[in-house]
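Some notes on the structure that comes next.
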Amino acid sequence: MIEGTQLALPNRNRRRWLIDSACLAAAGMIGLSRKAAAAGKKIRVGMTPAFLHDQHSLLGEWRDFMADSLKRPVEFVQRDSYRETMDLLRLDKLEFAWVCDYPYLHLKDTVRLLAVPLYQGRPHYRSYLIVHKDAAGIRSMADLQDSVFAYADPYSNTGYLAPRYEIRQLGRDPASFFRKTFFTWSHRKVVEAVASGLARGGAVDSYIWETLAHVEPALVKRTRMVSRSPEYGFPPFVAHRSVAPAEFRQMQEHLLGTGSSEAGRRLLARLYLDGFTAGTPALYDGVAQMMRAFGEA
Amino acid sequence: MRWLFNLSFRHKIPLWTSFLIAFSIFVVGAALMTRAYQDMKAAVIISADNLGHTLANTVAPMLLHDDVWRAFEIVRSPIRADSARSPAQVDAVVVFGRDRRVFVSSHPESLPMLSEAAALGADWQALAARLASPGLVAWPLVIEPEGSSYLYIALPITDKDAQLGHLVLRYAKSVFHPWFVATIWQGLGLGLLVLAVLIPINWYWGSRMASPLVDLAQRMGTMPRQVPEPLPPEIYPYADELGQLFQAYDRMVLALREKAALENEVVRSERLAAIGQLTAGIAHEINNPLAGLITAVDTLKLRRDLDAKALRHLDLIDRGLMQIRDTVAALLVQTRVQARPLSQHDLDDVRTLIQPQVAKRRITLDWSDTMPAELPAPASLVRQILINLLLNAVQAAAEGGQVSLWLGRKADSETCLSIVVRNDGTLLSNEQLAHLFEPFASTRPGGHGLGLWVTYQIVTQLNGRITARNVGDHVEFVVNLPLGDTPCNTASA
């Protein structure tokens, strides 16, 4: 009789249980995974909301492309928050991951920079402040004082760190600047929260907002970009420090050479990326500076 | 309005019953519609209760952890913007926190988060007041604010014992109406179908019941002028009040006919009696001088000095006087003769006496009598009656026709002699029947018209009864004579 009673039940408890179990079994698991990697078995790559990670056909195509190129089976491990992927990396349950720049800096001791995607030809992106298209008179962050604001993820740079830094630059306390804030756990959902009117403003990854404008133009058209942050280093691919140098190199070469094959170019087109570059940690100095401002690094 | 009640039953019964059928269908239909509407509302409330419980349970942890986005995804999930809307389709979902402000809603633009219920409009204000009222235990709380086009169903959001807030589901009543209208049309169609079947049946039944009544009324309408015809028996062969009425009517008609027949009989008897007295008086007045005249003529004829011409004239006068005497004697029926009981010989004599006439007209005579050895009836008079009736019948029957006689004790009366004579000649007209027994009423050429008159006089003077009638293609004369002092039962002719 009633449609829609089958709700998407939050998986958090289940995930927490999984993580807890994983912690308990950590020691043995690490040994096992090392062995697996060394034997040239399955490679596990963490995928995060750093891009539109819920496009399942795209992910399938990419995984097959990667497996063909590396001649090894590849598993993409999707998680809905950076925190979960970070946990998996800390637990050594992933060899590689595409994470945000902010988690990369958090995990500096655990991971190494593998490659940085090139967006519009450059390894940079920004944080966009967006509001509902009908919200007239809002020209900057200052106009959003005492309103409801949507953050993407507590470990997102453009969706959390950057907007809070901007508020701090205004000389205000980000903890009390807004009337209420909440996390949507992905950039795409920040756009949805703003478009539906749930939040008056939101901070979103420029790459995702612009990509979404191609994928779901109707949704993006209901939002308006108010201001842009300075450029930050693009969310990088990282490798666990336990990954052997040969494997590291193989993966890096694969990523950097994506644009050299037809299939790779097609894939990049779907990702709205131009290719990959090796990158340097110095790309992320801007983020590190903001983190220091909040006493985090 | 009065003309409606003056209508013939032929129209009134079908009209009234049609009206009653239509009225009942309307009332039952309206009751069913109301019931359908209430059922629909109840179904909406039940489904809302189910949905509400599911949503309240799933949204509780989000409320506890202040996870606005996931709560939004949950309350948003039952909302369908584009699909066909049904009455059970929830219009909006709102989660109120403990502070009675909107924690999250499915429609943040019209029901923004953090707003107080009172700021959302009169409906929500009334709802918040009800939710805040103490002693509220009956969940779900169903509220239909006056003048509102929405129905609200509220449930508590609890975690263990703690109440975290309220979940409110809003249903648009405007969606109910098209569904309800559809149901009405459906019901109306069904009702019309039933009417289409029932009304012709009812019309037929009504006229079936009314037509005997109409017939009856028409017959009774002719009553003062003439005795009405009885109803045909197949017109209404049932024993209900209507059937009883028709039976009573038939009995009444029968009684009236008998009364009319009796009256006619009385009138005829009185007329015949008057004629009898008149003729008897005239006969006596004629008889006295006649006897003198006859004596004078006889005396004259004894004289010798009369010439032949005078004698011829005297003979002429004598024959004329004799004819007068015979005629007067016939008019003056004398029954006071010495009574000899009737015996089989008398009947044989009568048979022998009429035989030449029967043979001459080649008549088949069907003779049957159940005659005991003797009957206490005056023999000579009965002989005369028999001869008169039989000769009359033989004359009336067609050449080579049939005449029958039946004689015996009357079936229902031991003290009654019954004579029935039939012939297959021309039937008697009503006019003839009315004056049959009057003197000189003969319709037959050559008849003097005194035979039946004499018979009538004899029967009447013997306290008997004579009747004539047409039975089928026969003419029947029935004579009933009392055998003693008790008169015959004359009810049957």
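The values are calculated or read from the model by the stated rules, or taken from the named source; none is laboratory data. Keep in mind it's a predicted model, so treat the numbers as computed, not measured. Backbone-built Cβ (ideal geometry, glycine too); neighbour counts: all protein chains shown. These accessible areas exclude ligands, DNA and RNA; they are computed on the full protein's heavy atoms, side chains included. Shrake-Rupley method; radii C 1.70, N 1.55, O 1.52, S 1.80 Å.
In table form, for the structure just shown:
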| read-out | value |
| --- | --- |
| Computed FRET value (nearest 0.05) for B:HIS11 with B:GLN357, which takes r as the C-beta separation and R₀ as 60 Å | 0.40 |
| Net charge contributed by nearby residues that have their C-beta within less than 12 Å of A:LEU219 (K/R +1, D/E -1) | +3 |
| Using alpha-carbon coordinates, inclination of helix B:241-301 to the longest axis of chain B, degrees | 10 |
| Inter-chain shielding of B:101-113 (mean C-beta neighbours from other protein chains, 10 Å cut-off) | 3 |
| DSSP-defined antiparallel bridges as percent of all bridges, chain A, nearest 5 | 60 |
| Taking only Cα atoms of chain B, radius of gyration then Dmax in Å | 53.4, 177 |
| Accessible surface buried once A binds B (1.4 Å probe; total of both sides; Å²) | 2400 |
| Degrees separating the helix B:344-360 axis from the principal Cα axis of chain B, which is the longest one | 90 |
| Residues whose placed amide H lies under 5 Å from that of A:GLY197, excluding near-sequence neighbours | none |
| Given 15 as the ceiling on other Cβ atoms within 10 Å, longest exposed-site-free region of chain B for chymotrypsin sites (Phe, Trp or Tyr not before Pro) in DSSP loops | B:1-237 |
| Within the range A:127-229: Cβ-based charge dipole about Cα centre, in debye rounded to nearest 20 (Lys, Arg +1; Asp, Glu -1) | 180 |
| Calculated FRET value between B:ARG383 and B:ARG225, using beta carbons and R₀ = 60 Å, to 0.05 | 0.85 |
| Under-5 Å amide H pairs with A:ILE43, H placed in peptide plane, nonlocal only | A:VAL74, A:GLU75 |
| Accessible surface ranking that places the most exposed of B:SER110, B:SER207, A:SER81 first, with a 1.4 angstrom probe | B:SER110, B:SER207, A:SER81 |
| For the range B:2-179: relative contact order, % (alpha-carbon pairs under 8 angstrom, 6 or more apart) | 22 |
| Over chain B: helical MRE at 222 nm, DSSP H runs n ≥ 4 each giving -39500 (n - 2.57), nearest 500 | -19000 deg cm²/dmol |
| Per residue value of the accessible surface for the protein assembly as shown (all protein chains in place, 1.4 Å probe), Å² | 51 |
| Three-way shape label, the range A:35-159, alpha-carbon gyration tensor, a/c 1.5 | prolate |
| 10 °C / 1.306 mPa s Stokes-Einstein diffusion coefficient of the range B:2-179, Kirkwood radius on C-alpha pairs, µm²/s | 85 |
| With eigenvalues of the C-alpha gyration tensor scaled by 5 and rooted, the protein assembly as shown, Å | 140, 28, 22 |
| The range B:261-406 - percent relative contact order, Cα under 8 Å, separation 6 or more | 23 |
| Whole-number Å³ per residue for the convex hull built on Cα positions in the range B:338-482 | 112 |
| Tail fraction, Cα-Cα pairs, the range B:108-151, threshold 17 Å, whole percent | 39 |
| Space enclosed by the convex hull of the alpha-carbon atoms of the range B:107-221, per residue, Å³ | 228 |
| Projected label distance in nm at A:LEU70 and B:ASN430, using a 7 Å step from Cα toward the beta-carbon | 12.7 |
| Radius 15 Å from Cβ of B:TRP203, net charge of other residues (Lys, Arg +1; Asp, Glu -1) | +3 |
| Descending Cα extents along the principal axes, the range A:150-297, whole Å | 51, 40, 23 |
| Entries of A:LYS108/A:LYS189; B:LYS41/B:LYS160; A:LYS189/B:LYS160; A:LYS41/A:LYS93; A:LYS108/A:LYS180 with Cα pairs more than 20 Å apart | A:LYS108/A:LYS189; B:LYS41/B:LYS160; A:LYS189/B:LYS160; A:LYS108/A:LYS180 |
| Sites A:ARG139 and B:GLU144, calculated FRET efficiency, Cβ-Cβ separation with R0 60 Å, nearest 0.05 | 0.85 |
| Net charge contributed by nearby residues that have their C-beta within less than 11 Å of B:ASP318 (K/R +1, D/E -1) | +2 |
| Kirkwood Rh and Cα Rg combined as Rg/Rh, the range B:319-419 | 1.02 |
| Rounded tilt (10° steps) of B:122-132 against the dominant C-alpha axis of chain B | 80 |
| Tail fraction, Cα-Cα pairs, the range A:127-229, threshold 23 Å, whole percent | 13 |
| Cα convex hull of chain A, projected area averaged across orientations, nm² | 17.1 |
| Accessible area in the full protein assembly, largest first, 1.4 Å probe, for A:ARG90, B:ARG268 | A:ARG90, B:ARG268 |
| Over the range B:237-315, volume per residue of the alpha carbon convex hull, in Å³ | 120 |
| Chain B, relative contact order in percent, only Cα pairs under 8 angstrom and at least six apart counted | 10 |
| Exposure rank, largest accessible area first [B:LEU213, B:LEU167; 1.4 Å] | B:LEU213, B:LEU167 |
